[in-house]
1. Where the convex hull is taken over the Cα atoms of segment 56-127, what is its projected area averaged over directions, in nm²?
2. Give the relative contact order (percent, whole number) for segment 56-127; include only Cα pairs under 8 Å separated by 6+ residues.
3. Segment 93-133 to segment 58-86: how many Å between their Cα centroids?
4. Using the per-residue mean of other Cβ atoms lying within 10 Å as a proxy for protection, in what order, highest first, do the peptides 40-48, 105-113 fall?
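Every read-out reported here was derived from the displayed coordinates using simple, explicitly stated rules and does not represent laboratory data. The structure displayed is predicted, hence computed values, not measured ones. Neighbour counts run over all protein chains shown; Cβ positions are idealised from the backbone, glycine included.
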Amino acid sequence: MYQISKNMKLNNLKIVIAVLAFFSIANQAIAQEGVVTIEQDSDITKLLEYKKDVKTTDLFRIQLDFGSRSKAMALEQKFLNTFSQWPTDVVYETPNYKVWVGNFSTRLEADIALLKIKKKFSKAMVFEPKKDK
């Protein structure tokens, strides 16, 4: 008697597994497919391109040093050899060329970078560039 009920349970389990497998395969066979079309105003694309061109992140920068053009170019190259993760600019402000580093969105972010930079460039300092009007 025990053997028969064990075989029945095993057969029932096989049937349940077969039914579940059938329904999962059948469900995939009747799954819906579709195409999503997004329509947007052409001005949105123009605005995104314009935003790329506008410098909105020049909130804080680090100035390494200033001096002659040749000194600034050499300093920029020395910096890039040591720290390649931040962009640099050589900027002319009468009468000096200045080496500026980074585009930091917060003062804290600039100060953290300054701690690393000051180990190699002792004259470095954080500043906030003047906004062009």
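1. Averaging across all directions leaves 4.5 nm² for the Cα convex hull.
2. 45
3. Spelled out, the Cα-based centre of one part sits 9 Å from the other.
4. Descending packing order for the listed peptides: 105-113, 40-48.
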